[in-house]
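Chemist: Let me give you the structure first, and then I'll get to my questions.
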Amino acid sequence: MKIMKTRMVVFLAGLLISSSLIAQNKKSLSTPEIEAQIEADLAKMSVEEKVGQTCQITLDVLLKKDAEGKLIEPVEIDPAKVQEAIVEYGVGSVLNVGWKTLSLEEWEGVMEGVHAPYQSKDAKAPILYGIDAIHGVNYTVGGTLFPQEIGLAATWNPRLAMQFGQATAYETRASGIHWNFSPVLDLGRQPLWSRTFETLGEDPLLVSEMGKAIVCGYQGKGGINSEHVAACMKHFVGYSHPSSGRDRTPAWIPEKYMQELYLPPFKAAVEAGALTVMINSGVVNGIPGHENYELLTETLKNEWGFEGFAVSDWEDFIMLHTVHRTAATLKEGIINAINAGVDMSMVPLAPQYQEYCKLMIEAVNEGSITPDRLDDAVRRILRVKYIVGLYEKRMNQAKKYVDFGSEKMHQLALESALESITLLENDGVLPLKKSQKVLVTGPTSNNLIFLNGAWTHTWQGDNPLFNTKGRFSVREAIEAYVGTENVLFSQGAEVYMDEGFEASKLSDTEDFISKAEESDVILLCLGEFPSTEKPGDIRSLNLDSAQIELAKMAYATGKPVVLVMIEGRPRIIREIVDDASAIVQAYLPGDFGGEALAQLIYGEENFSGKLPYTYQKYDGQIEFYDHPRSVARHKANHFDAFDPQWEFGYGLSYTTFEYSNLTLDKNTLTEGDSIVITVDVTNTGSREGKEVVQLYISDHFASMTPAVKSLNAFEKVTLGAKDKKTVKFVLATEDLQFYGRDDEWICEPGMFSATIETLSADFELK
Ligand code: BGC
């Protein structure tokens with residue numbers, strides 16, 4: 001007998017912080033007054049004005065240029081261009097700044113220019129400005145830069161994720177911006193993909209919990225005020241799983257995986273009130289994201305009740321015609337996308353935007369897009385504009401935000417980096433002693449760009465000219481921490497871009513060897529050159545040969561080597577793991593990553609990060625922690641396809657934890673009931689530490705082959721030396737659902753195991 005369930009996936013267990021946050025966050029952020037005002041506005045708008053609201057252009061289109069067509073610096077708005085775009089075409093939204101970081105003063109000037117038409121009542125609605133402040137307000141000089149999302153996920157700490165969201169929203173508003181194209185909720189299940197670092201990892205529960213917390217931070221607990229921004233869930237849905245690994249190439253995702261893995265984080269964010277969504281630029285199962293009516297209109301809007309609006313990704317209406325070839329003309333692309341449920345088009349250049357508006361007006365006048373559909377799109381856009389407070393009186397933003405780039409913000413970014421960096425191996429070499437002579441070396445050791453990655457001051461984040469003043473590379477941070485007399489530096493190797501692909505080469509090897517000989521320990525920083533989207537495409541997950549060679553040279557010196565990986569993707573390093581004395585995964589820890597690393601490796605702070613993904617061992621054998629059992633059988637004779645370098649959820653500490661007394665308050669569960677699971681965790685070492693208690697559930701038998709285990713709940717606890725804590729989770733029948741053969745969420749009676757660390761207990765679902 002099957003117990004049929006609704007399609008709801010409810011994660012009830014654990015996470016007291018984030019679940020209470022969500023409860024306080026009302027599903028609808030609108031009010032009857034706002035809705036009435038929107039109807040009144042719509043009644044006064046022409047088709048042309050409504051179409052304008054659905055059009056988003058990039059800031060470049062509005063800026064002054066010199067005689068050679070180069071942008072003038074400091075940036076200045078061109079009133080004639082504003083007049084054309086915002087007054088004549090009625091454009092509703094502006095985005096971005098891709099080539100440099102603007103000062104708060106420049107932002108103020110930009111905002112004055114783009115808001116002028118609404119202020120003077122020459123435009124019917126204010127401009128909604130959107131930006132990619134994805135790890136802090138990365139396009140504003142002096143903004144606080146946090147770890148990229150993959151690092152934030154490694155903290156397994158929803159409180160920090162929420163505080164990151166609050167801080168970033170605050171600094172974004174200080175820049176006069178009301179809309180952040182973040183968080184990325186794509187699942188990191190294709191490690192080749194250039195945007196893996198923008199994800200919260202491979203597990204739907206971890207992504208959902210951290211994602212919800214970020215949304216709550218951006219949008220506030222009880223409603224949006226002048227310190228909040230609208231969140232934008234990206235990129236709905238399946239973008240992160242391109243078969244080729246290359247950005248914006250097709251994905252094939254079975255409905256079971258769509259339902260169980262890829263959709264839940266978006267659904268959780270909608271429940272948390274996320275106001276906007278950006279659509280997947282790619283094609284899933286043959287259908288471009290921008291034409292997927294079932295997902296956009298039926299699932300997201302109708303079924304989940306999403307009240308905000310959907311924006312396209314960069315040029316994606318155009319791509320339906322020019323790249324995906326599902327639309328025979330540009331106009332057909334517009335019609336298909338709007339009718340599928342996309343509400344705003346990131347066109348975003350000129351003269352394309354003028355053409356977009358003309359074609360869309362034609363489509364409405366011809367009836368290919370109905371007035372109702374147009375009104376629905378505009379209603380959603382205006383709703384968000386009202387909710388974020390754009391209709392309130394404009395004032396000089398920056399002066400109000402005294403905490404912008406303050407010590408308080410810096411401490412939070414440092415704390416996030418400290419909780420994110422993950423210790424993977426340690427034979428006792430760590431913590432280092434300040435008296436040891438350390439050779440800092442490797443391609444990612446001597447520049448802040450490597451700690452931040454892409455979307456930092458520029459799109460690709462590869463221009464050191466924009467590095468935040470006063471912040472440290474790894475080398476500078478270690479020198480500041482122990483004093484220059486105990487630090488040697490040798491470049492070792494370089495990573496760079498060569499004809500569109502990453503490349504590396506050894507530097508002065510004699511210098512490297514002689515300094516290694518002088519040192520007591522080698523801190524070897526390997527990893528990746530900053531990049532994202534198409535420029536970040538790679539052909540193999542293997543770390544490039546020069547870096548592997550450098551590691552082997554370091555081992556050959558006989559000195560202990562602490563290997564630090566500073567990378568957006570888990571690159572294959574199998575060959576250089578065994579000889580390392582310690583291995584640290586730093587991800588892309590942001591502007592405070594160098595300091596955090598110094599404090600951790602010298603033992604001032606304790607490691608508590610845990611991998612948010614499976615660190616793969618082989619390029620040609622990619623499997624995730626929640627694989628079906630058939631993937632991992634016959635361990636003894638190499639038939640085991642699950643053989644990772646390190647498992648999802650793994651990470652060491654300077655202290656040790658022991659688990660005991662795994663207890664279930666009952667061993668049978670009936671529909672609608674729940675089981676309380678408790679476990680004792682003891683810090684058995686001699687210093688304080690933080691541990692992530694992870695509850696996994698395994699279904700013994702099911703009508704579709706079950707995962708070997710799935711993360712069901714987690715909680716990060718802090719324990720002083722010798723302290724013990726009892727951690728409690730509540731497991732409900734909904735947690736045992738899976739997407740079955742008949743395309744329905746079902747629960748099947750039978751035996752299950754609850755596992756925490758090495759302890760396991762069985763229970764039966766009746
Ligand atoms: C990216 C989005 C980003 C947008 C605006 C696109 O190329 O895919 O993630 O938000 O550009 O910068």
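Chemist: Rounded to a whole number, what % of the accessible area of the range 655-765 do carbon and sulfur atoms account for, probe 1.4 Å? Don't jump to the answer; show the numbers that get you there.
Modeler: Values: 2110 of 4740 Å².
The value for the range 655-765 is 44 percent carbon and sulfur by accessible area.
Chemist: Net charge near GLU315, counting Lys/Arg +1 and Asp/Glu -1 over other residues with Cβ under 13 Å of its Cβ? Mind dumping the intermediate values first?
Modeler: Details: positive: ARG248, LYS534; negative: ASP313, ASP316, GLU355, GLU533.
Once all neighbours under 13 Å are counted, the net charge is -2.
Chemist: In nm, give the distance between the simple-model label positions of ALA480 and ASP511, each being 7 Å from the Cα along the Cα-to-Cβ direction.
Modeler: Modelled inter-label distance: 2.3 nm.
Chemist: Might you tell me the accessible area per residue for the chain, computed with a 1.4 Å probe and given in Å²? Working shown, then result.
Modeler: Numbers: 27070 Å² over 766 residues.
For the chain, the solvent-accessible area averages 35 Å² per residue.
Chemist: Measuring from centroid to centroid over Cα atoms, what is the spacing of the range 55-69 and the range 650-702 in Å?
Modeler: Cα centres, the range 55-69 to the range 650-702: 56 Å.
Chemist: Evaluate E = 1/(1 + (r/R0)^6) for GLU355 and GLU647, where r is the Cβ-Cβ distance and R0 equals 56 Å; express this FRET efficiency to the nearest 0.05.
Modeler: On the way: r = 51 Å, r/R0 = 0.92.
The pair GLU355/GLU647 has a calculated efficiency of 0.65.
Chemist: Which entries of LYS267/LYS610; LYS610/LYS722; LYS437/LYS690; LYS690/LYS766 show an alpha-carbon separation above 31 angstrom in the structure shown? Please report the intermediate quantities before stating the final value.
Modeler: Working: LYS267/LYS610 25 Å; LYS610/LYS722 22 Å; LYS437/LYS690 29 Å; LYS690/LYS766 37 Å.
Violating the 31 Å limit, Cα to Cα: LYS690/LYS766.
Chemist: Another one. Anything over 23 Å Cα to Cα? Flag those among LYS358/LYS393; LYS212/LYS234; LYS666/LYS725; LYS256/LYS301; LYS433/LYS505; LYS50/LYS121, in the order listed.
Modeler: Values: LYS358/LYS393 32 Å; LYS212/LYS234 13 Å; LYS666/LYS725 21 Å; LYS256/LYS301 21 Å; LYS433/LYS505 31 Å; LYS50/LYS121 16 Å.
Too far apart for the 23 Å limit: LYS358/LYS393; LYS433/LYS505.
Chemist: Then there's this: Place a +1 charge on the Cβ of each Lys and Arg in the range 655-765 and a -1 charge on the Cβ of each Asp and Glu, then give the dipole magnitude about the Cα centre in debye, rounded to the nearest 20. Kindly include the intermediate steps, with their values, before the conclusion.
Modeler: Working: 10 positive and 19 negative charges, 149 e Å.
So the dipole magnitude of the range 655-765 works out to roughly 720 debye.
Chemist: Treating the beta-carbon of each Lys and Arg as +1 and of each Asp and Glu as -1, no other charges, what is the dipole magnitude of the chain about its Cα centre, to the nearest 20 debye? Spell out each step's value before the answer.
Modeler: Values: 70 positive and 107 negative charges, 233 e Å.
It comes to approximately 1120 debye.
Chemist: Right, next: More than 35 Å apart: what percent of Cα pairs in the chain qualify?
Modeler: Working: 134340 of 292995 pairs.
Counting every Cα pair in the chain, those more than 35 Å apart make up 46 percent.
Chemist: Still on this structure, I have one more. What translational diffusion coefficient, to the nearest whole µm²/s, does the range 655-765 have by Stokes-Einstein, given a Kirkwood radius computed over alpha-carbon pairs, a temperature of 20 °C and 1.002 mPa s viscosity? Mind showing how you got there, number by number?
Modeler: Numbers: Rh = 14.9 Å.
For these conditions, the coefficient is 144 µm²/s.
Chemist: What is the spin-label model distance, in nm, from ASN667 to ASP520 if the labels are put 7 Å beyond Cα along the C-beta direction?
Modeler: About 5.5 nm, to one decimal.
Chemist: Please get the size of the charge dipole for the range 421-601, origin at its Cα centre, with Cβ charges of +1 on Lys and Arg and -1 on Asp and Glu, quoted in debye to the nearest 20. Let's see the in-between values first.
Modeler: Details: 15 positive and 27 negative charges, 86 e Å.
It works out to roughly 420 debye.
Chemist: Using the per-residue mean of other Cβ atoms lying within 10 Å as a proxy for protection, in what order, highest first, do the peptides 753-762, 133-142 fall? Please report the intermediate quantities before stating the final value.
Modeler: Working: 753-762: 15.8, 133-142: 26.1.
Taking the mean over residues of other Cβ atoms within 10 Å, the ranking is 133-142, 753-762.
Chemist: Separate question: What FRET efficiency do you get for GLU33 and GLU362 if R0 is 41 Å and r is their Cβ-Cβ distance, rounded to the nearest 0.05? Don't skip to the answer; put the middle values down first.
Modeler: Details: r = 35 Å, r/R0 = 0.86.
After rounding to 0.05, the efficiency reads 0.70.
Chemist: With unit charges on the beta carbon (Lys/Arg positive, Asp/Glu negative), name the residue among TYR391, PRO371, ILE361 whose Cα is farthest towards the positive pole of the charge dipole of the range 354-395.
Modeler: Farthest towards the positive end: TYR391.
Chemist: Next question, about the same structure. Send over the per residue convex hull volume for the range 246-344, Cα only, as a whole number of Å³. Mind showing how you got there, number by number?
Modeler: Working: hull volume 9.2 nm³, N = 99.
With only Cα atoms used, the range 246-344 gives 93 Å³ per residue.
Chemist: Principal axis lengths of the range 421-601 from Cα atoms, whole Å, largest first?
Modeler: Principal extents (Cα only, largest first): 43, 35, 29 Å.
Chemist: Highest first, please rank the peptides 587-599, 282-294 by the mean number of other Cβ atoms sitting within 10 Å of their residues. Display every interim value, and only then the final one.
Modeler: Values: 587-599: 27.8, 282-294: 20.3.
So the peptides 587-599, 282-294, ranked by packing, come out 587-599, 282-294.
Chemist: If you average the alpha carbon positions of the range 577-638 and of the range 745-762, how far apart do those two centres end up, in angstrom?
Modeler: 26
Chemist: Positive end of the charge dipole of the chain (Lys, Arg +1 and Asp, Glu -1 on Cβ, about the Cα centre): tell me which of TYR654, PHE450, PHE752 has its Cα farthest that way.
Modeler: PHE752
Chemist: Round to a whole angstrom and tell me the spacing of the C-alpha centers of the range 303-318 and the range 365-437.
Modeler: Taking the Cα centre of the range 365-437 as reference, the centre of the range 303-318 is 19 Å away.
Chemist: Shifting gears a bit: To the nearest whole percent, what portion of all C-alpha pairs in the range 41-185 is separated by more than 20 angstrom? Don't jump to the answer; show the numbers that get you there.
Modeler: Values: 5410 of 10440 pairs.
Taking all Cα-Cα pairs of the range 41-185, the fraction more than 20 Å apart is 52 percent.
Chemist: Sketch the reach of a paramagnetic label on ASP743 as a point 7 Å from Cα along Cα-to-Cβ, and name the residues of the range 249-279 whose backbone nitrogen lies under 15 Å away.
Modeler: Counting backbone N atoms under 15 Å from the label point, the list is 253-260.
Chemist: Oh, and also: If I stretch the segment between THR678 and LYS433 completely, what's the gain in nm (0.36 nm per residue apart, minus their alpha carbon distance), one decimal?
Modeler: On the way: separation 245, 0.36 × 245 = 88.20 nm, distance 3.90 nm.
Separation in residues times 0.36 nm, less the Cα-Cα distance, equals 84.3 nm.
Chemist: Separate question: Let's test the formula: R0 of 25 Å, r as the Cβ-Cβ distance of GLU688 and LYS552. What FRET efficiency results, to the nearest 0.05? Show your work: numbers first, answer last.
Modeler: Working: r = 37 Å, r/R0 = 1.48.
Computed FRET efficiency for GLU688 and LYS552: 0.10.
Chemist: Taking a 1.4 Å probe, which of ARG574, ARG379, ARG539, ARG173 shows the most accessible area, and what order do the others take after it? Mind dumping the intermediate values first?
Modeler: Working: ARG574 95, ARG379 60, ARG539 175, ARG173 15 Å².
Ranked from most to least accessible, the order is ARG539, ARG574, ARG379, ARG173.
Chemist: ASP579 versus THR329, label points 7 Å from Cα toward the beta carbon: distance in nm?
Modeler: It is 6.5 nm.
Chemist: Given the Cα-Cα distance of THR656 and ASP640 and 0.36 nm per residue of separation, how much length would full extension add, in nm?
Modeler: Details: separation 16, 0.36 × 16 = 5.76 nm, distance 2.95 nm.
Extending this stretch completely gives an extra 2.8 nm.
Chemist: Can you tell me the length gained on complete extension of the stretch LYS393 to LYS728, counting 0.36 nm per residue apart and subtracting the Cα distance?
Modeler: Details: separation 335, 0.36 × 335 = 120.60 nm, distance 4.80 nm.
Full extension from LYS393 to LYS728 adds 115.8 nm.
Chemist: Still on this structure, please answer the following. Out of the range 65-103, which trypsin sites (Lys or Arg not before Pro) are coil in DSSP terms and have no more than 11 other C-beta atoms within 10 Å?
Modeler: Filter output for the range 65-103: LYS70.
Chemist: Given Cα positions, please report Rg to Rh for the range 356-470, the hydrodynamic radius being the Kirkwood one.
Modeler: On the way: Rg = 25.2 Å, Rh = 20.8 Å.
Result: Rg/Rh = 1.21.
Chemist: Rounded to the nearest 10 Å², what accessible area does ASP122 show when all protein chains are kept and the probe is 1.4 Å?
Modeler: Spelled out: ASP122, probe radius 1.4 Å, area about 90 Å².
The values are calculated or read from the model by the stated rules, or taken from the named source; none is laboratory data. As the structure is a computational prediction, the values presented were derived from the model and not from experiment. With ideal geometry, Cβ positions are generated from the backbone for all residues, glycine too; neighbour counts draw on all protein chains shown. Accessible surface is based on the protein model in full, side chains and every heavy atom, while ligands, DNA and RNA are left aside. Shrake-Rupley method; radii C 1.70, N 1.55, O 1.52, S 1.80 Å.
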